[in-house]
Amino acid sequence: MNNAQGTLDELDRAVGQLGLCAVQIYTDVQGRPLDDPAFSPVFDKVADLGIPILLHPVRGPDRADYPTERSSRFDTWRIIGWPYDTAAAMARLAFSGIFDRHPTIKIVTHHLGGVAPYLSERIREGYDKILKAAGAANEPVPLKKHPHDYFHEFYADTITIGSVPALACGLEFFGADRVLFATDMPFDTEGGLKYVEVALQAMEKLDAPASDKAKIFELNARTIFRLPGTTSR
């Protein structure tokens, strides 16, 4: 991603020659936000190819928790920082107008959209204030919809490390058509299978219709990855 033309060439190779059905990028590129105009050709290309983007947070321990420190402590960079980074990237992409330019682009956020579902009403109310202030200053925001609405145009995976309330919150936020089952295997403390177990248990306990669970477990993935057996719906 630090070489736009190289990224475009690799997209052609990976999708056209190797047959990959998605691309993963991070929430920033060496500290640069994804709404940097230099990355616009990459999003344009992905939209043209019709493949989804898998968006994963990227900060490491070198990104300090406070300006007076040199590095993060107690794994705060990962435990707290990653869910924030995901929501922040979503906000920057929303304000970039990406969904106005590419209404069918599919961006799958890791960890069920980070903190975005939990902060839904804070996001709505906060951007109400921004829009009101911009209107009073005669500085309209160049978006076709309320900024909060664009957050619902992202997709998300189910990685909540087994938390059923978090899973229910995210499902209500994104809707059953935009949530895909995932486990985060193998990054648990027991070789990977624990994350699979708790992910399945959370889905079993989730109060949702069987038809919604079928979408989450299989049908949504078949649709956005254009896998064999996909049916239109």
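Using beta carbons and a limit of 6 Å, which pairs, at least six apart or on different chains, have the first residue in the range 132-157 and touching a residue at least 24 places away in the same chain (Cβ under 8 Å) and the second one polar (S, T, N, Q)?
Listed by first residue and then by second, the contacts come to Phe154/Thr109; Ala156/Thr109.
So is Arg59 among the basic types (Lys, Arg) and modelled with pLDDT of 95 or more or not?
Answer is no for this residue.
When you scan the range 59-77, do you find a residue that is closer than 30 Å to Cys21 by Cα, surrounded by fewer than 20 Cβ atoms within 10 Å (Cβ to Cβ) and without any contact (Cβ under 8 Å) to a residue 40 or more places away in the chain, even just one?
Yes, because at least one residue in the range 59-77 is closer than 30 Å to Cys21 by Cα, surrounded by fewer than 20 Cβ atoms within 10 Å (Cβ to Cβ) and without any contact (Cβ under 8 Å) to a residue 40 or more places away in the chain.
Of the conditions (1) over 20 Å from Ala91 (Cβ atoms); (2) of a type outside the set (S, T, N, Q); (3) out of contact with any helix residue (DSSP H, G or I) (no Cβ under 6 Å at 6 or more places or on another chain); (4) without any contact (Cβ under 8 Å) to a residue 12 or more places away in the chain, Asp188 clears all except one; give me its number.
Here Asp188 meets the rest and fails (3).
Return the residues of the range 130-148 that are basic (Lys, Arg) and either buried (at least 17 other Cβ atoms within 10 Å of the Cβ) or assigned to a helix (DSSP H, G or I) (or both); say none if nothing qualifies.
Once the filter is applied, which keeps residues that are basic (Lys, Arg) and either buried (at least 17 other Cβ atoms within 10 Å of the Cβ) or assigned to a helix (DSSP H, G or I) (or both), the range 130-148 yields only Lys132.
If you scan the range 184-227, which residues turn out to be surrounded by 14 or more Cβ atoms within 10 Å (Cβ to Cβ) and in contact with a Cys (Cβ under 8 Å, 6 or more places away or on another chain)?
Within the range 184-227, Phe225 is the sole residue that qualifies.
Regarding Asp149, is this residue of a type in the set (D, E, K, R), within 16 Å of the chain's Cα centre (by Cα), closer than 30 Å to Gln201 by Cβ and modelled with pLDDT of 95 or more?
Numbers: of a type in the set (D, E, K, R): yes; within 16 Å of the chain's Cα centre (by Cα): yes; closer than 30 Å to Gln201 by Cβ: no; modelled with pLDDT of 95 or more: yes.
Against the criterion (of a type in the set (D, E, K, R), within 16 Å of the chain's Cα centre (by Cα), closer than 30 Å to Gln201 by Cβ and modelled with pLDDT of 95 or more), Asp149 does not qualify.
Among (1) within 22 Å of Ala22 (Cβ to Cβ); (2) β-branched (Val, Ile, Thr); (3) touching a residue at least 24 places away in the same chain (Cβ under 8 Å), there is one condition Val164 misses while meeting the rest; what is its number?
The single condition Val164 does not satisfy is (1).
Filter the range 47-58 down to the residues that are more than 23 Å from Thr158 (Cβ to Cβ) and not acidic (Asp, Glu), then identify the one that is surrounded by the fewest Cβ atoms within 10 Å (Cβ to Cβ). Step through it out loud before you land on a result.
Taking the range 47-58 first, the residues more than 23 Å from Thr158 (Cβ to Cβ) are 47-50.
Imposing the further condition that a residue be not acidic (Asp, Glu) reduces the set to 47, 49-50.
Numbers: Ala47: 17, Leu49: 16, Gly50: 13.
Here the answer is Gly50.
Which of (1) open to solvent by less than 20 Å² (accessible area, probe 1.4 Å); (2) touching a strand residue (DSSP E or B) at 6+ places or on another chain (Cβ under 8 Å) does Phe151 not meet, given it meets every other one?
(2)
Filtering the range 110-124 down to residues that are open to solvent by 10 Å² or more (accessible area, probe 1.4 Å) and part of a helix (DSSP H, G or I), which residue is nearest to Ile79 (Cα to Cα)?
If we take residues in the range 110-124 being open to solvent by 10 Å² or more (accessible area, probe 1.4 Å) and part of a helix (DSSP H, G or I), then His111 is nearest to Ile79 (Cα to Cα).
Scan the range 159-183 residue by residue and report those that are in contact with a strand residue (DSSP E or B) (Cβ under 7 Å, 6 or more places away or on another chain), in a helix (DSSP H, G or I) and either under 16 Å from Asp207 (Cα atoms) or open to solvent by less than 20 Å² (accessible area, probe 1.4 Å) (or both).
Gly170, Leu171, Phe174
In the range 95-109, how many are open to solvent by 40 Å² or more (accessible area, probe 1.4 Å) and among the β-branched types (Val, Ile, Thr)?
Result for the range 95-109: 1.
The values are calculated or read from the model by the stated rules, or taken from the named source; none is laboratory data. Here the structure is a predicted model, which means the values were calculated and not measured. Because the Cβ atoms are built from the backbone with ideal geometry, glycine has one as well, and the counts that use them run over all protein chains shown. Note: accessible area is taken over every heavy atom of the protein model, side chains too, but ligands, DNA and RNA are not part of it. Shrake-Rupley method; radii C 1.70, N 1.55, O 1.52, S 1.80 Å.
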